[in-house]
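Taking it in order: structure first as C-alpha cells, then the write-up.
Taken together, the values in this text are just the output of simple stated rules run on the coordinates, not laboratory data. Fair warning: this is a prediction, and the values are worked out from it, not measured in the lab. Every residue, glycine among them, receives a Cβ derived from its backbone with ideal geometry; neighbour counts consider all protein chains shown.
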C-alpha cells in the first residue's frame, strides 16, 4: 500500500514495460492532531538483503490561526530487532525498548509553528526476506488554553512504516541506499531487467543516503505487452539514468514504443498512458520529469535508456 507523504521524502516511481514505466510517491503513514502531523517512513520500501536502509520520523508543528510553537517535543522510533546494526546521529538508544524492538529516543525540544523536525535511524537489512514494520511516536505540548499554542497539551501521535526485504537472488526486486540498483540481466529465463544509476538525493531533503529501488510487475490488466518495470527514488538534484532491457519483443522493433503512465500505480486511471517524450539535446524537455534518451535493438530484444528526475509527483512509463 502506498500513501502520499505530507512534505518531504517523496519518491518518484518509474514503471516501464511492454508498455509501461511509472513514477510514484512512496511513504509511510501520517497521523495528525490539532493541525500537527507526524509521518514514519522506512526507505527504501523495497530493500535487498544486506543493504542499508533507514527509518525516518517527521514531525510538523501546526500552523495558522490559533497555532503556536510546539514544545517538549520527543520522538521515539522503534525498529524490529531483525533490522540489524541500528544507529543514529541525533537519537539515543533506549535501555528498555518494547519486546522485539530497538527503541531510539529523539529529544527535539521546540518546533516552531509550521516547521518540520526529522530524525533518522539507519540499519542493515537482514537475510530473511519479509516485510518489516517500524513504529514511531511523538509527544509534544502546544501551550495552555489561551496561549499561542492553541491550548492542546500532552499530545501524542503515533504512526508506522514498512519495508519489504528481498533476497539478493530475487529476479524482480532490488533496493538499497547507494543511488543505484538493478535487477538481474535479461535472459531467456528472466526476460526483462531494470536498473537505475546516478541518483543523488537533493540536499534540501536532508536524507542520510540516496535510497532507490527497482523491479518488474506483471502487465496485468494494463494492456501492456511486456511486464511493467518500476523505479523509485527521492527528490534528486539532477536526473538519474534508467536502463530497461527486453530480452525479446512482443512486436517487431519498428512497432515497439514506450509509454508514460502519469498516475501509475495508485492514482486515478492508473493505467492511462501517453507516449514517453524524447529527450531534447540529451536533457529533459521543459516541464517534463522524464524522457527517452534512446531505444535501440539488442539481439532479439531492445534496450531503453531514460532520464528520470526525482520529484514530488508520481507519473509512470512503459513500452509496447
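Results, tabulated for the structure shown:
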{"quantity": "Spacing of the two label points (7 Å from each Cα toward its C-beta) at residue 87 and residue 197, in nm", "calculated": "2.8 nm"}
{"quantity": "Order of 131, 210, 105 - criterion: other Cβ atoms within 10 Å of each residue's Cβ, fewest first", "calculated": "131, 105, 210"}
{"quantity": "Ascending count of other beta-carbon atoms within 10 Å, so fewest first, for 308, 84", "calculated": "84, 308"}
{"quantity": "Label-point separation in nm, residue 156 to residue 238, each point 7 Å along Cα→Cβ", "calculated": "4.8 nm"}
{"quantity": "Equivalent ellipsoid, the range 173-319 (semi-axes from 5 times Cα gyration tensor eigenvalues, Å)", "calculated": "24, 17, 15"}
{"quantity": "Order of 72, 189 - criterion: other Cβ atoms within 10 Å of each residue's Cβ, fewest first", "calculated": "189, 72"}
{"quantity": "Full-stretch length increase - residue 248, residue 127 - with 0.36 nm per residue and alpha-carbon distance subtracted", "calculated": "40.3 nm"}
